[in-house]
Amino acid sequence: MRYVSMLVASSRAHNVCKMPSLMKNFNAWLPQRLRMTGFSCLFMLVAVSIWAQPPGSQAASGGVDDGQKQQDRENECLRLLEKTRSPETHHFQQPHRPLVLIGEEGTELLIPSDAFVHADGTPVTGEVEILLTEVANKQELILSNLPTQSNGRMLVSGGVIHIEALAEGKKVKLAPGKSVLVNFPGGYIPDMQLFKGQYDVAGTMNWVPMAEAPGSKTRPMSKMDLGKDLAMPLFLDYGKVNPTTMQFADGNHSVAGYMSAMLQTGYRCVGNDAIYVEMKTDESGRVTSAKTLTGKNPCYRLALEEIAQTLQFDLSLLTAPRDRLFVNVDPRIIPNGDPGENMFASLAGNADAFNNPQVLAAIEEYMEKEKAQNFAKNAFAVTELGWINCDKFYNEKSERVNVMASVSNKNLEGKAKAFLVFEDINSVIEGQMTANGQYTFANIPTGMKAKVVAIGYSIGDGAYMNTVNVTTKAGSVANMNLNKISEEELKTAMASL
């Protein structure tokens with residue numbers, strides 16, 4: 001704002017000084033004092049113009065310094081990579097309820113209830129929007145500008161995600177002591193650990209080790225109170241629900257039967273009732289909210305509203321779109337304890353749920369028990385939102401060398417990025433640009449099969465790309481001329497890596 005204000009001031013000063021300049025033919029009869037006004041305004045114009053220059057513009061060369069020019073040029077390629085980044089998906093967590101979220105690429109997340117706080121530390125009490133980005137393979141690592149390096153060391157990635165949470169349109173963070181359990185699609189790999197992503201001013205990603213929640217690897221089935229927060233049909237064996245028939249995909253299990261079994265094994269509700277449940281779903285068919293429209297037993301009603309939110313429907317089976325779905329449930333559970341036990345206790349707060357033999361039996365019938373246990377055993381406990389990478393350091397004992405590559409297109413000088421993509425491991429290394437289209441890949445194991453992938457982008461001209469197969473060795477391995485390519489063709493070509 002200060003720079004703009006000075007420009008405005010300069011413009012006004014120029015207008016004030018203009019009149020004496022236009023009237024120079026009348027100086028003979030103007031008073032001396034008035035003639036001096038013209039010189040005063042000229043001095044003020046020059047002084048304000050100098051003062052108004054932005055910081056860094058008075059370099060020794062008289063223009064923007066070379067470092068700023070370089071960053072501006074490279075940002076042109078960054079703009080392309082921002083456009084080709086993997087898309088995010090949107091999910092919604094209802095107040096005071098855990099959320100089981102399975103991404104399109106297979107990433108599994110368990111977000112506990114009441115997990116978030118606002119920037120000032122106050123608890124979030126309303127709906128939370130979860131934005132999830134999954135980066136599933138090497139080409140997406142490149143197109144999303146996510147090379148796998150940690151302070152210059154080479155990483156092997158087991159999966160990359162980005163998690164963001166919004167409440168009332170504003171970013172929120174995890175509350176103290178809360179963590180998100182994450183299983184990456186590739187499963188657990190020994191020596192893997194979590195890293196958080198940080199971009200530097202030049203737009204280069206660096207992965208920094210992230211501490212997991214304390215004790216997260218010590219209690220396999222109850223890790224981070226998983227038994228209290230895990231919605232039991234996290235891995236339903238029978239697929240999605242047909243919204244027309246209310247049958248699971250296997251055709252042998254109904255929603256009403258599943259809900260009744262859940263009532264008997266996971267809750268302390270008793271008696272006879274007839275309950276009509278209304279459910280709303282998101283675009284993927286997952287139930288985002290549920291409401292019971294009939295029923296006298298408040299324990300049943302609350303429990304069924306919770307159970308309903310563990311379902312996912314196959315909306316493609318509908319002949320016409322619907323904004324809500326309905327199911328009838330007629331529970332008949334004979335009391336076997338004190339009448340006072342007929343009191344709702346959320347599964348999210350039932351610490352003994354996974355120690356109950358009946359619950360375990362229900363899991364075995366309605367779930368793939370082994371998958372649920374593997375989730376509990378292998379999931380990482382993420383304590384910070386943002387870019388998250390499941391990695392291990394590449395520690396194979398082999399000679400390390402500096403590999404060189406170059407881009408010959410003069411019009412792309414400073415406007416391209418080069419990546420080294422390995423054939424046998426999930427690693428992508430970004431080359432550091434030196435001069436004249438030269439790129440250096442530092443500390444690379446020698447003798448490995450890889451591709452050099454170079455991408456350029458010039459504003460107003462468009463995208464360029466080329467790839468070269470190489471075997472890593474010291475010195476130059478590739479001299480590349482990039483070819484003009486559309487953004488769609490770029491994505492198609494990258495899919496073959």
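The values are calculated or read from the model by the stated rules, or taken from the named source; none is laboratory data. None of the values given here were measured: they were computed from a predicted structure. Neighbour counts run over all protein chains shown; Cβ positions are idealised from the backbone, glycine included. Accessible surface areas use protein heavy atoms only, side chains included; no ligands, DNA or RNA. Shrake-Rupley method; radii C 1.70, N 1.55, O 1.52, S 1.80 Å.
Some observations on this one:
- In sequence order, the range 199-207 has phi-based couplings of 8, 8, 5, 8, x, 9, 7, 10, 9 Hz under the Karplus curve 6.51 cos²θ - 1.76 cosθ + 1.60, θ = phi - 60°, and Gly or Pro positions carry x.
- Nearest-10 value in Å² for the accessible area of residue 88, using the 1.4 Å probe: 90 Å²
- Given R0 = 35 Å, the distance between the Cβ atoms of residue 442 and residue 119 translates into a calculated FRET efficiency of 0.35.
- Residues whose amide H falls under 5 Å from that of residue 426, counting only those 5 or more places apart or on a different chain, are 157, with hydrogens built in the peptide plane.
- Volume per residue for the range 89-191 equals 132 cubic angstrom (convex hull of Cα atoms).
- Fully extending the segment from residue 487 to residue 411, taken as 0.36 nm per residue of separation minus the present Cα-Cα distance, adds 25.5 nm.
- Gain on full extension, evaluated as 0.36 nm per residue between residue 476 and residue 168 minus their Cα-Cα distance, stands at 105.6 nm.
- Convex hull volume of the C-alpha atoms in the range 430-494, normalised per residue: 98 Å³.
- Residue separation of residue 96 and residue 332 scaled by 0.36 nm, minus their Cα-Cα distance, works out to 82.2 nm of gained length.
- Whole-Hz Karplus values for the range 426-438 come out as 8, 9, 9, 10, 8, x, 8, 6, 9, 7, 6, x, 8 Hz, taken residue by residue from phi with 6.51 cos²θ - 1.76 cosθ + 1.60 and θ = phi - 60°; glycine and proline positions read x.
- Residues whose amide H lies under 5 Å from that of residue 210, counting only those 5 or more places away or on a different chain, are 194, 195, 196; hydrogens are built 1.01 Å from N in the peptide plane.
- Area of residue 207 that stays accessible when all protein chains are in place (1.4 Å probe, Å², to 10): 0 Å²
- Taking amide H as placed 1.01 Å from N in the peptide plane, the amide H of residue 292 sits under 5 Å from that of 278, each at least 5 places away or on another chain.
- Once the Cβ-Cβ distance of residue 314 and residue 468 is raised to the sixth power relative to R0 = 30 Å, the FRET efficiency obtained is 0.10.
- Relative contact order computed over the range 367-497 (Cα-Cα under 8 Å; 6+ residues apart), in percent: 24 percent
- What the phi angles of the range 473-489 give under the Karplus curve with 6.51, -1.76 and 1.60, with θ = phi - 60°, is a coupling list of 7, 5, x, 7, 10, 7, 10, 10, 10, 7, 9, 4, 8, 7, 5, 5, 5 Hz, glycine and proline written as x.
- Each other residue within a Cβ distance under 11 Å of residue 294 adds +1 if Lys or Arg and -1 if Asp or Glu, for a net charge of 0.
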